[in-house]
Amino acid sequence: MTHVPESVHALDRALHEIFAGRLQSVVVYGPPAKMMRTLAIVSTLSAEDLRACAARVTEWHDAGLATPLLFAAGEFGRSLDAFPFEFGAILRDHIVVSGRNPFDGLSVNPADLRRACEVRARGHLLHLREGFLETRGRSDALAVLVVDSADAFAALLTSVARLVDPGNADTYDADSAARHLERTLGLVGHPASAVVGLAGVDEISSAEAERLFPLYLTAVERLVKYIDTWK
């Protein structure tokens, strides 16, 4: 992100009106999206402050802004261990709109990221197994399961690649992360790349789902074992 639109500056002015001298920082973060994402750091945060912000939410949404994240001073840093994926992405891609940079000196602990990767990978594996049972053997339902899980799988692979190759963390997107995983785990048939390629796709054929799912499931099983033993 290199440009801060006027709508974000308008949000900044509104937050200054609400919090006055308690507003420490306003940040816009993340890649381009339908609703631009922002956060604010304030010295104190009360129920009255929340009511004042709530009165402006419709205005902000109409301007193409997502509801801002609000943090009391120190909360973001203390939350890095709980949200290493989400907050790590903010650390990597943000612009300070006003105030000081609230992220100076902050970084995600690799142990926290490894634990979060394991939780997500194991959860994804359980979701696929449960989802397969719930298809009741219907290949059209299996096709829906594969497509609907593609976005989450892509996000998981990106995080894992950044975990195991931190020196090149900023170079990984979902496609390169999938190829990295396939090389690392010796996967045949390129199942990770195939599933990642379905992110944003509306549907696939039943035949394609029947072909791809066993390879997909094997890839996730191997990924779980890999993360479990990674140090």
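The values are calculated or read from the model by the stated rules, or taken from the named source; none is laboratory data. The structure presented is a predicted model; accordingly, all values stated were derived computationally and were not measured. Note: ideal-geometry Cβ built from the backbone for every residue, glycine included; neighbour counts use all protein chains shown. The accessibility values were calculated without ligands, DNA or RNA, using every heavy atom of the protein model including side chains. Shrake-Rupley method; radii C 1.70, N 1.55, O 1.52, S 1.80 Å.
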Residue-normalised value, i.e. accessible area per residue, for segment 126-231 at 1.4 Å probe, in Å², stands at 53 Å²
In debye, nearest 20: dipole of the chain around its Cα centre with unit charges on the Cβ of K, R (+) and D, E (-)?
580 debye
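Anything in the chain that counts as a DSSP H helix reaching 24 Å or more along its axis (C-alpha) with Kyte-Doolittle mean of at least -1.0? List them, would you?
For the chain, where a helix must reach 24 Å along its axis and average at least -1.0, the hits are 110-134, 206-229.
How large is the Kirkwood hydrodynamic radius of segment 50-93, in angstrom, based on all distinct alpha carbon pairs? Display every interim value, and only then the final one.
Working: mean 1/r = 0.0821 Å⁻¹.
About 12.2 Å, per the Kirkwood formula over Cα pairs.
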Over segment 63-176, relative contact order from alpha-carbon pairs under 8 Å, at least 6 apart, %:
22 percent
The chain - percent of accessible surface contributed by carbon and sulfur, probe 1.4 Å
54 percent
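Sorting check: for 138-144, 43-49, 217-223, which peptide has the highest mean count of neighbouring beta carbons within 10 Å, and how do the rest follow?
Details: 138-144: 15.9, 43-49: 11.9, 217-223: 19.1.
Per-residue mean Cβ counts within 10 Å order the peptides as 217-223, 138-144, 43-49.
Sum -39500 (n - 2.57) across every DSSP H segment of at least 4 residues in the chain, then divide by the residue count to get the 222 nm mean residue ellipticity, nearest 500. Mind dumping the intermediate values first?
Numbers: 11 runs with 133 residues, N = 231.
Here the helix-only value at 222 nm equals -18000 deg cm²/dmol.
Based on the Cβ-Cβ distance from residue 152 to residue 101, what FRET efficiency comes out when R0 is 22 Å, to the nearest 0.05?
On the way: r = 31 Å, r/R0 = 1.40.
According to the calculation, E is roughly 0.10.
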Length gained when the stretch residue 51-residue 20 is fully extended (0.36 nm per residue, less Cα-Cα span)
9.6 nm
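Would you mind working out the magnitude of the charge dipole of segment 17-135 relative to its Cα centre, with +1 at each Lys and Arg C-beta and -1 at each Asp and Glu C-beta, to the nearest 20 Debye? Could the numbers behind the result be given before it?
Working: 13 positive and 14 negative charges, 50 e Å.
Charge dipole, segment 17-135, about its Cα centre: 240 debye, nearest 20.
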Which percentage, to the nearest 5, of the DSSP beta bridges contained in the chain is antiparallel?
70 percent
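Rounded to the nearest 0.05, what FRET efficiency is calculated for residue 122 and residue 205 with R0 set to 35 Å and r the Cβ-Cβ distance? Intermediate results must be reported in sequence, preceding the final value.
Working: r = 29 Å, r/R0 = 0.84.
Between residue 122 and residue 205 the formula returns 0.75.
Using a 1.4 Å probe and counting only protein heavy atoms, arrange 34, 225, 231 so the residue with the most accessible area comes first.
On the way: 34 190, 225 145, 231 215 Å².
The most accessible residue leads, giving 231, 34, 225.
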Column: log10 I(q)/I(0), Debye, Cα scatterers of the chain, q = 0.09, 0.12, 0.13, 0.17 Å⁻¹
-0.48, -0.78, -0.87, -1.14
Round to a whole angstrom and tell me the spacing of the C-alpha centers of segment 105-149 and segment 8-25.
39 Å
Return the Rg/Rh value of segment 1-114, two decimal places, where both radii are evaluated on C-alpha atoms and Rh is the Kirkwood radius.
0.96
Name the residue from 70, 142, 107 whose Cα lies farthest towards the positive end of the charge dipole of the chain, charges +1 on Cβ of Lys and Arg and -1 on Cβ of Asp and Glu.
107
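Assuming R0 = 22 Å, can you tell me the calculated FRET efficiency for the pair residue 222 and residue 169, based on Cβ-Cβ distance, to the nearest 0.05?
Numbers: r = 22 Å, r/R0 = 1.00.
That gives a FRET efficiency of 0.50.
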Taking Cα pairs under 8 Å and at least six residues apart, what relative contact order does segment 8-64 come out at, in percent?
33 percent
Burial ranking of peptide ranges 184-190, 115-121 (average Cβ count within 10 Å, highest at the top)
115-121, 184-190
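Given contacts defined as C-alpha pairs under 8 Å and at least six residues apart, what's the relative contact order of the chain, whole-number percent? Before the final figure, lay out each step's value.
Details: 293 pairs, mean separation 40.4, N = 231.
Reported relative contact order: 17 percent.
Would you list 172, 216, 226 from the most to the least accessible area, probe 1.4 Å? Before the final figure, lay out each step's value.
Working: 172 25, 216 0, 226 60 Å².
Descending order: 226, 172, 216.
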Give me the net charge for the shell around residue 229: Cβ to Cβ below 15 angstrom, other residues only, Lys and Arg +1, Asp and Glu -1.
+3
